[in-house]
């Protein structure tokens, strides 16, 4: 049967979405069908302490082995060998921001042609690129040359205030373009490129994970969707702010599930591995009363520290005058009951520009409507990120809009 499947799903018919997390490597093999994709195989491999630190690779050889194990399991399940790969990048120093830039046309009565549109996109993206890169270099202490552009996307285009998807053929004076750019330190980005090369697949893209999560619910057509996405992984918490269907920016901070596990290991005087098991049992309400109370006390103080990280990170979105009233949680760390509890407390929101107390809810793999899980294995909060990467891959595989094509050419120049 597997041989028949492999023949059926030949080269070019499947692709791999690879989420290299601090705690787990997760691999999904997907078959694109129009603007959707079916998940045919799933693989997962736990990473050991010291192989990843705060979302960044610290032992390339070990991580490659973990990736190969996860991919092998996914291939066995799918009966297919993908040739194309999309990878996610996360970590404290991966930052993204949307820059809105206005371009005034000299001849507003003439129609915009391809040559002029190329020129506009080129100028706007270089300006946006310079702004965000210099800001990241300043914040991190890296030289600008050591900061790498990960991915870019046009999130909004307006001509004289009128929203358009393709400016070709339009007349008008003011062209306003919003572009999201994600950057990472070269050392971090380079490690992922090395891993991709070792896996021997055609690399579709390395994309910012919080950006992928923020785009996974297919709200772009609606235009009014606004939410804050918080993905709590093993090493970091990734935050993305979406307003009126546009990703305003992404930020990350280094507090994730492993921080809580370390606290438990200290409080109970047990090993990290034992503490991880206790934490999972606690999240699933499988502890007896006395143990539950001790764990809850340890978790409460750490969740308060985590919440101050969320508040500080959201305060960095200076371009957002009103924060969305909806917070969507995903990632394995979101299972801790105290996470939702602290977010539900009113006090922390009062120092931030929330119009009302935000509604907190959990994401569900079924919300990612473009990705159909044929394996029935994707049920958890930690499955959202690899599914979100699989969803972003569809943009690279599908027929591109003219604007995306032009931007991609400019981005290639910038990444050289």
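Numbers at a glance
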read-out: Amide N proximity, segment 367-406 versus residue 199 label position 7 Å along Cα-to-Cβ, cut-off under 13 Å; value: 386-387, 389-390, 393
read-out: Computed over segment 227-364: relative contact order in percent, which uses C-alpha pairs under 8 Å that are six or more apart; value: 28 percent
read-out: Shape category assigned to segment 106-247 from the gyration tensor of Cα positions, a/c cut at 1.5; value: prolate
read-out: Angle in degrees between helix 384-397 and the longest Cα principal axis of the chain, rounded to the nearest 10; value: 20 degrees
read-out: Top of 210, 167, 185 by mean-square fluctuation, Gaussian network on the chain, Cα under 10 Å; value: 167
read-out: Ranked list, fewest to most other Cβ atoms within 10 Å of each Cβ, for 378, 28; value: 378, 28
read-out: Relative contact order (%) - the chain, alpha-carbon pairs under 8 angstrom, separation at least six; value: 19 percent
read-out: Rg(Cα)/(2.2 N^0.38 Å) for the chain, N = residue count; value: 1.00
read-out: Separation in nanometres of the label points that stand 7 Å from Cα toward Cβ, at residue 164 and residue 412; value: 2.5 nm
read-out: Point-to-point label distance, residue 286-residue 174, nm (Cα→Cβ direction, 7 Å offset); value: 5.9 nm
read-out: Nearest-ten-degree value, helix 257-268 long axis tilted from longest Cα axis of the chain; value: 20 degrees
read-out: Residue 104 versus residue 36: modelled label distance in nm, points set 7 Å from Cα along the beta carbon direction; value: 4.9 nm
read-out: Between 0 and 90°, nearest 10: helix 60-78 axis offset from the chain longest Cα axis; value: 90 degrees
read-out: Choice from 56, 115, 31 showing the highest fluctuation, given a GNM over the chain with Cα pairs closer than 10 Å; value: 115
read-out: Cα gyration tensor shape for segment 175-328, rounded if a/c is under 1.5, else prolate or oblate; value: oblate
read-out: Residue-averaged 222 nm ellipticity for the chain, from DSSP H runs of 4+ at -39500 (n - 2.57), nearest 500; value: -12500 deg cm²/dmol
read-out: Residue with peak Gaussian network fluctuation, the chain [Cα springs, cutoff 10 Å], from 349, 261, 236; value: 349
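Values quoted throughout were computed directly from the atomic coordinates according to the rules given, and no laboratory measurement underlies them. Quick caveat: nothing in here was measured; it's all calculated off a predicted structure. Cβ coordinates were reconstructed from backbone atoms using ideal geometry, including for glycine residues, and neighbour counts include every protein chain displayed.
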